[in-house]
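Structure record follows, encoded as structure tokens.
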Amino acid sequence: MIETRPTRSLPVLDALPDPSAARGSLDTLDERLAEFRPEEVRRPSFFVWTLGCQMNKSDSEEMAGRLLAAGCPEAGAPDDADVLVINTCAIRETAEAKVVGRQGRIAELKVRNPGMRVVLTGCAVREIDRARLPRRYPAVDLFLRPDEEPEIAERLGLASAQAAVGIALGVDTARTTIVNRTVVSAADMLPATRAGAVAAGAVRRASAISAWLPIVYGCDKTCTYCIVPFTRGPERSRPFDDIVAEARSLAAAGYREVTLLGQNVNSYGHDLPAEPRFDHVRPERTAGRRIERAARPDLAELLRAVDAIEGPDGGPAIPRLRFLTSHPWDLSDRLIATLAGVRSVCEHLHLPVQSGDDAVLRRMGRQYTIAHYLDRIRALRDALPGIALSTDVIVGFCGETDAQYRATLDLLEEVRFDQVFAAAFSPRPGTPAWHLPDDVPAHVKRDRLNGLLALQEGIGLARNRAWLGRQIEVLVDQAAEASVHDHEGRGPDPDPGVGVRVRGDAGATTHPGGGTRIDPAAADPAAPLVPGPGEVRLAGRTREGKLVHLVGPHDLVGRLVAVRIVHAGPFSLRGVTA
Ligand code: SAM
Ligand code: SF4
Ligand code: F3S
């Protein structure tokens with residue numbers, strides 16, 4: 001006998017509303033419908049703590065944008081976040097130690113919020129060290145190398161079938177493959193993933209006034225002390241048109257200042273294919289290894305293209321264009337002529353020298369001489385007499401003698417830089433210099449650093465005094481009560497920047513290329529900044545990159561303001577609106 005199943009009847013609502021009645025909200029219907037209400041999906045909140053250089057700041061903007069695009073709200077502080085992203089720097093041991101030293105505090109946060117996840121990204125994450133990382137950073141759940149950062153949402157499981165961040169952004173980002181300890185694809189994806197993020201609006205910019213615009217990732221140089229080529233991989237330039245498109249979108253959004261970013265921006269383009277439209281480009285390298293650059297776009301071409309984006313008045317839509325960092329190998333006459341001839345390019349160049357002694361430079365693998373460096377400085381000052389110059393210096397590198405250190409001081413006296421970012425040599429595991437004897441004792445390194453900074457303080461003061469009484473244009477980007485430019489200021493103990501030893505002066509932390517924070521406690525008694533009714537304390541930069549403090553109405557923030565300089569300190573100026 002065939003067993004018949006009982007007939008299944010479909011559930012029928014026994015409380016159908018009168019179809020002629022006006023439709024109420026779900027809540028006013030039969031309460032048995034409640035189970036059909038869609039559940040609210042709560043996405044974890046996130047906080048990004050950024051250490052290190054401008055490239056890290058730019059990378060953090062992209063990670064924050066990707067997490068926002070995945071529906072995650074941004075928390076105001078690490079304590080309130082479900083996902084804490086730590087974007088690390090490894091340039092010196094102290095930079096890494098800062099995060100290692102916070103592991104206990106982060107573990108406490110995780111006890112308070114057991115759902116909290118901690119992601120460690122940036123230059124402290126090196127594939128070769130991957131096995132050791134969990135021991136070093138026990139509070140961390142997920143490690144991402146810099147080239148894996150675009151995968152952050154996918155790797156946190158936030159990009160489900162309903163919110164496929166990579167696909168929504170037009171690029172499948174989750175492609176990291178390691179073969180015999182070599183990353184074979186993720187690094188090559190960075191230019192494309194950036195373009196996807198920009199097109200989808202998934203870059204959360206920290207400022208509405210000044211923007212970072214990465215143009216080249218990685219570094220092809222082989223400075224023996226430096227970890228960067230090992231953390232960031234080889235140079236990969238973004239396609240020319242992608243960069244111009246991003247600049248166009250920044251111009252449309254009203255940005256007043258854009259800084260083109262890369263470890264060596266002036267080598268931009270050498271790895272891109274030659275194109276007939278760049279046939280006229282014949283850039284030469286002025287030192288270092290030879291490379292074929294003909295018919296490829298270069299930085300000069302890029303500066304011209306961004307400058308040509310017109311605003312409503314026919315002038316450059318982005319009035320201030322900067323670039324960071326340049327390398328003496330690629331400071332060609334063509335680039336210098338472009339700096340002098342392009343309206344929006346600011347009159348400031350950051351050109352790291354590292355040491356004033358040829359033998360030390362040789363050991364550092366810098367592949368130029370002091371004579372070459374001075375020749376480039378002369379060419380720059382001939383073309384742009386008012387240009388401000390800044391540099392990086394390392395003291396106490398392996399085998400540095402007193403005489404070699406004094407040669408660096410002599411160089412500082414000769415060039416008279418506006419600003420010097422100096423640091424003591426810190427041996428980095430895995431770099432060639434790790435194998436050299438670190439034979440300058442710590443106290444000698446410290447004395448040399450202090451001696452150099454004292455000398456530079458005098459030079460900086462003298463150079464700044466030359467601005468007294470002058471009327472200059474300041475782009476105001478800070479008001480005292482809030483950090484307008486720099487989201488880093490919201491982190492737990494933000495890193496002031498790479499190798500920056502800025503002491504005292506008006507309490508503003510600076511790095512080449514802009515970004516300042518005001519410390520209200522740092523008023524100079526000689527020229528106090530006292531806001532009048534309706535005024536606040538403000539800060540901004542001149543085209544030469546000089547930090548200027550002033551008082552005025554809050555609505556000056558974001559504006560180019562004429563300022564008369566009334567006081568000069570070694571690291572900053574004071575002015576009054578003219
Ligand atoms: N690409 C730039 C250049 O050509 O010099 C610099 C980029 S690096 C991220 C910033 C600065 O960190 C360097 O200019 C150097 O002065 C400093 N630096 C790098 N490695 C260092 C180390 N092991 N110890 C101390 N300072 C270091
Ligand atoms: Fe480091 Fe030298 Fe590259 Fe600068 S150029 S990032 S100092 S290896
Ligand atoms: Fe990396 Fe920048 Fe630090 S490239 S090591 S975060 S200075």
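Scanning the stretch 84-94 for residues that are open to solvent by 10 Å² or more (accessible area, probe 1.4 Å) and more than 16 Å from ligand 2 (Cβ to nearest atom) yields one hit, Thr94. Being over 27 Å from Thr94 (Cβ atoms), assigned to a loop (DSSP other than H, G, I, E, B), more than 16 Å from ligand 3 (Cβ to nearest atom) and in contact (Cβ under 8 Å) with a residue 60 or more places away in the chain is a condition met by no residue of the stretch 401-420. Listed by first and then second residue, the pairs linking a residue in the stretch 212-231 that is near ligand 2 (Cβ under 8 Å from one of its atoms) to a residue that is among the hydrophobic types (A, V, I, L, M, F, W, C) and assigned to a helix (DSSP H, G or I), with Cβ atoms under 8 Å apart and 6 or more places separating them unless they lie on different chains, are Cys219/Val228; Lys221/Trp329; Cys223/Met364; Tyr225/Met364; Tyr225/Ala433.
When the residues of the stretch 541-567 are filtered to those that are open to solvent by less than 10 Å² (accessible area, probe 1.4 Å) and out of contact with any Ser or Thr (no Cβ under 8 Å at 6 or more places or on another chain), the one that is nearest to His350 (Cα to Cα) is Thr542. Against the numbered list (1) of a type outside the set (A, V, I, L, M, F, W, C); (2) more than 17 Å from Tyr405 (Cα to Cα); (3) within 10 Å of ligand 1 (Cβ to nearest atom), Ser426 comes up short only at (2).
Taking first residues from the stretch 322-342 that are under 17 Å from Arg296 (Cβ atoms) and away from ligand 1 (no atom under 16 Å from the Cβ) and partners that are assigned to a loop (DSSP other than H, G, I, E, B) and at pLDDT below 95, the Cβ contacts under 6 Å between residues at least 6 apart in sequence or on separate chains come to Arg334/Pro283. Return the residue satisfying two criteria in turn: it lies in the stretch 341-359 and is of a type in the set (A, V, I, L, M) and more than 14 Å from ligand 2 (Cβ to nearest atom), and of such residues it is farthest from Ala317 (Cα to Cα). Within the stretch 341-359, the match that is farthest from Ala317 (Cα to Cα) is Ala359. Elements of the type strands (runs of 3 or more DSSP E) sitting completely within the stretch 456-555 and holding at least 3 residues that are of a type in the set (Val, Ile, Thr) and modelled with pLDDT of 95 or more: these cover 471-479. Within the stretch 297-306, being over 19 Å from Ala383 (Cα atoms) and either under 19 Å from the mean Cα position of the chain (by Cα) or without any contact (Cβ under 8 Å) to a residue 40 or more places away in the chain (or both) holds for one residue alone: Asp298. Within the set Arg277, Arg293, Arg282, the sole residue that is assigned by TED's automatic domain parsing to the domain that holds Pro229, over 26 Å from the mean Cα position of the chain (by Cα) and not in a loop (DSSP other than H, G, I, E, B) turns out to be Arg277.
The values are calculated or read from the model by the stated rules, or taken from the named source; none is laboratory data. The structure displayed is predicted, hence computed values, not measured ones. Cβ: placed from backbone, ideal geometry, glycine included. Neighbour counts: every protein chain shown. Quick note on the areas: whole protein, heavy atoms, side chains included, nothing else; ligands and nucleic acids left out. Shrake-Rupley method; radii C 1.70, N 1.55, O 1.52, S 1.80 Å.
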